[in-house]
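Undergrad: Got a structure for you, written out below as structure tokens; questions coming shortly.
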Amino acid sequence: MFQIWWKPLERLRLYHLRCTLRFRTVNSTHWTEVDFEDHDLVYNLTGLRAFTEYVIALRFRTSESRFWSNWSKEKTGMTMEEVPHILDLWRVLGPADVNGVRKVLLLWKKAKGAPVLERTLGYNIQYFPENSTNLTEINNVTKQRYELLLTGQAHCVSVTSFNSLGKSQEAILRIPAVHEETIQCIESMQAYLAEPLLVLEWESSIPEVDTWMVEWLPETTESKFSALSWESVSQVTNWTIEQEKLQPSICYNISVYPVLGQQVGQPYTVQAYAKEEVPVRGPETRVENIGLKTATIVWQEIPKNIRNGFINSYTVFYQAEGGKEFSKTVNSHVLQYDLESLTRRTSYTVWVVANTGAGGARGETINFRTSSISVLEIILLTSLVGGGLLLLSIFTVTSGLKKPNRLTGLCCPAVPNPAESSLATWIGDNFKGRSSPKESENSGNTEDRALKPCSVPADLIDKLVVNFENFLEVVCTEEAKKGQESILGGETNEYVTSPSRPDCPLGESFKESPVLTEVAPGDIHNQCLGMTEETYTEFNEQPLSSDHSPEPEPLCEEQAPNPYLKNSVTTREFLVHGNIPEHSKREI
């Protein structure tokens, strides 16, 4: 309190005076006025804060007058010091380790309404388990925080402050057990900006709860113990703070704890920005599922440390090459958008903008091109081709089952069996007894007796292919013997007579068919002399052996017929001119 003495500057008769006294604290601009009637020129101003400096001024008027005097000169005074006020006490609970021991950080500060200039010499801390009388006391703590290591059971903690006049009342707080369930009464809560304040409001389901503890912490802070701020609220369900006291573009986690007596309930937490700004950058974007006329735009959330506010929407911009720009806005929880009604085989440009309350940030620009053919069209085309091939295969198999001989003849043509050939019956048994021309002879005798190779006419192939019914001609045996004797000195050629023409005279056949070619005397052994189209006789050379008599061996040999030339001729005829010299006969 203050006791105020005053008197008028002028001499006045003592009448009933009506006075108005106004006062304020030194750091305030708000005046508080008190009206009173005074006879003794003394007034006691009560209800002030202890150890607080005030500014005081006074004015008066007589009861008969309507005019007030001027305000007196301002006087400054400080109230007396008293014992400290009760503290606001709070705690931050850490996780328990394997042994059930947890770290508890105690925080305290002056309560609202406490004198600003209140002096405190120190603090005393006491704590004990809830079901025990084992009291632990810590005295003369100078800081406004202290860290305790408590077991997992419930504890009661009290903190007092003291000065030269005494100590304050105890601020008591209950620390719940590790697995204890606490009350939960906050149903909803919201935060919004009301310049120049950040306002927080909530609803409670338990009317008995009238004290709340509000704590706020930047989301980017790694340690909750170092950057936590807190404040006690009573008799209301709202809380305000000036925006200037919070960092701009920083997301804060704001929690409200109900306090009923000494028990603390479950918190309710929301996020808020004191001031939003444009994000540092836009979202990262990519294109997926590109089709003929559709594409999916997918983007990622912007990291919280560069959002600078709440992302309330995304806007997707897309533009065809040389075309008009289009845009679509979606909610903040949507992270992809399907573009439709695009043009086939067209290049597009896409970008995404992330929007906050202060504006939007554009992401990187990406380009893509729609497809020229869709997967469905590929599948349809493949199905048609595959179906056509399947139907063709079914038709082929069905036709083969109905006419197996035709299909077998096309795929696997019949190959003649040489064992069933009738050529051996036409040649006769004497053909089997002929020795092979491949048998080895004495190297000294075969040099002069071996037959020399003949040059092959250009139309040999045409002369070999003949009709099956006329593939053999009867060759005159007598003329053949003469020609053979003139060449080999008595060695005869054998001929095979076609069964289709058994009555053909040998002389006529020989005279009509053969075509003779003259051979130069110097090169008789390198030329063939003739061949017919209807008659073909094979001449098999048989070298003479040194162990045998000088008589010539038969030149024909039994050979297995070629299965692919079953209908071809099987004998070859060599015709020699009658005027060959004697030395040439020996070489032949």
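The values are calculated or read from the model by the stated rules, or taken from the named source; none is laboratory data. Here the structure is a predicted model, which means the values were calculated and not measured. Cβ: placed from backbone, ideal geometry, glycine included. Neighbour counts: every protein chain shown. When the accessible area is computed, the model is the full protein with side chains, heavy atoms only, and any ligands, DNA or RNA have been set aside. Shrake-Rupley method; radii C 1.70, N 1.55, O 1.52, S 1.80 Å.
Undergrad: Only one residue in 330, 352, 259 is closer than 30 Å to residue 238 by Cβ and open to solvent by less than 80 Å² (accessible area, probe 1.4 Å), so which one is that? Don't jump to the end; show me each part of the working.
TA: Numbers: 330 fails: closer than 30 Å to residue 238 by Cβ; 352 fails: closer than 30 Å to residue 238 by Cβ.
Of the residues listed, the single one that is closer than 30 Å to residue 238 by Cβ and open to solvent by less than 80 Å² (accessible area, probe 1.4 Å) is 259.
Undergrad: Testing residue 138 on (1) among the β-branched types (Val, Ile, Thr); (2) surrounded by fewer than 17 Cβ atoms within 10 Å (Cβ to Cβ); (3) under 55 Å from the mean Cα position of the chain (by Cα), one condition comes back false. Which one is that?
TA: Single failed check for residue 138: (3).
Undergrad: Another question, if that's okay. The conditions are (1) open to solvent by less than 70 Å² (accessible area, probe 1.4 Å); (2) part of a strand (DSSP E or B), and residue 269 fails exactly one of them. Which is it?
TA: (1)
Undergrad: Would you pick out the residues in segment 204-237 that are touching a helix residue (DSSP H, G or I) at 6+ places or on another chain (Cβ under 7 Å) and touching a residue at least 12 places away in the same chain (Cβ under 8 Å)? Show your work before the answer.
TA: Looking only at segment 204-237, we keep the residues that are touching a helix residue (DSSP H, G or I) at 6+ places or on another chain (Cβ under 7 Å), and these are 217-221.
Scanning segment 204-237 gives 217, 218, 219, 220.
Undergrad: Within segment 200-210, is even one residue of a type in the set (Phe, Trp, Tyr) and open to solvent by less than 20 Å² (accessible area, probe 1.4 Å)? Outline the logic, then answer.
TA: Taking segment 200-210 as the starting set, the residues that turn out to be of a type in the set (Phe, Trp, Tyr) are 202.
After this cut, where a residue has to be open to solvent by less than 20 Å² (accessible area, probe 1.4 Å) as well, the list is 202.
Looking for residues that are of a type in the set (Phe, Trp, Tyr) and open to solvent by less than 20 Å² (accessible area, probe 1.4 Å), one finds at least one in segment 200-210, hence yes.
Undergrad: Would you point out which residue out of 376, 391 is over 30 Å from residue 276 (Cα atoms), loosely packed, with under 11 Cβ neighbours inside 10 Å and modelled with pLDDT of 90 or more? Don't jump to the end; show me each part of the working.
TA: Details: 376 fails: modelled with pLDDT of 90 or more.
When all the criteria are applied, what remains is 391.
Undergrad: Could I ask something else about it? What strands (runs of 3 or more DSSP E), lying completely within segment 1-82, carry at least 1 residues that are exposed (fewer than 12 other Cβ atoms within 10 Å of the Cβ)? Lay out the reasoning, then the answer.
TA: Values: elements: 2-5, 17-25, 32-38, 42-45, 53-62, 75-78.
By residue number, 2-5, 32-38, 42-45, 75-78.
Undergrad: Report, ordered by the first and then the second residue, all pairs with beta carbons closer than 7 Å, sequence separation of six or more or different chains, a first member in segment 281-309 that is in contact (Cβ under 8 Å) with a residue 24 or more places away in the chain and more than 17 Å from residue 361 (Cβ to Cβ), and a second member that is assigned to a strand (DSSP E or B) and open to solvent by 50 Å² or more (accessible area, probe 1.4 Å).
TA: Here the result reads 294/338; 296/288; 296/336; 296/338; 298/286; 298/288; 298/336, each pair linking segment 281-309 to a residue that is assigned to a strand (DSSP E or B) and open to solvent by 50 Å² or more (accessible area, probe 1.4 Å).
Undergrad: Here's another thing I want to ask about it. Can you tell me which residue among 370, 346, 315 is under 29 Å from residue 248 (Cβ atoms), open to solvent by less than 60 Å² (accessible area, probe 1.4 Å), of a type in the set (Ser, Thr, Tyr) and modelled with pLDDT of 90 or more?
TA: Numbers: 370 fails: under 29 Å from residue 248 (Cβ atoms); 346 fails: under 29 Å from residue 248 (Cβ atoms).
Of the residues listed, the single one that is under 29 Å from residue 248 (Cβ atoms), open to solvent by less than 60 Å² (accessible area, probe 1.4 Å), of a type in the set (Ser, Thr, Tyr) and modelled with pLDDT of 90 or more is 315.
Undergrad: Given 198, 246, which one is in contact with a helix residue (DSSP H, G or I) (Cβ under 6 Å, 6 or more places away or on another chain), touching a residue at least 12 places away in the same chain (Cβ under 8 Å) and not polar (S, T, N, Q)?
TA: Criteria check complete, one pass: 198.
Undergrad: Of all the residues that make up segment 272-296, how many are out of contact with any helix residue (DSSP H, G or I) (no Cβ under 8 Å at 6 or more places or on another chain), open to solvent by less than 60 Å² (accessible area, probe 1.4 Å) and under 20 Å from residue 199 (Cα atoms)?
TA: So the answer is 3.
Undergrad: Turning to a different aspect of this structure: State which residue is farthest from residue 86 (Cα to Cα) when the search covers only segment 141-162 and only residues that are open to solvent by 80 Å² or more (accessible area, probe 1.4 Å) and out of contact with any Leu (no Cβ under 9 Å at 6 or more places or on another chain). Reasoning before the result, please.
TA: Looking only at segment 141-162, we keep the residues that are open to solvent by 80 Å² or more (accessible area, probe 1.4 Å), and these are 142-145, 147, 149, 153.
Checking the rest, the ones that are also out of contact with any Leu (no Cβ under 9 Å at 6 or more places or on another chain) come to 143, 149, 153.
Values: 143: 16, 149: 25, 153: 27 Å.
Checking each candidate, the answer is 153.
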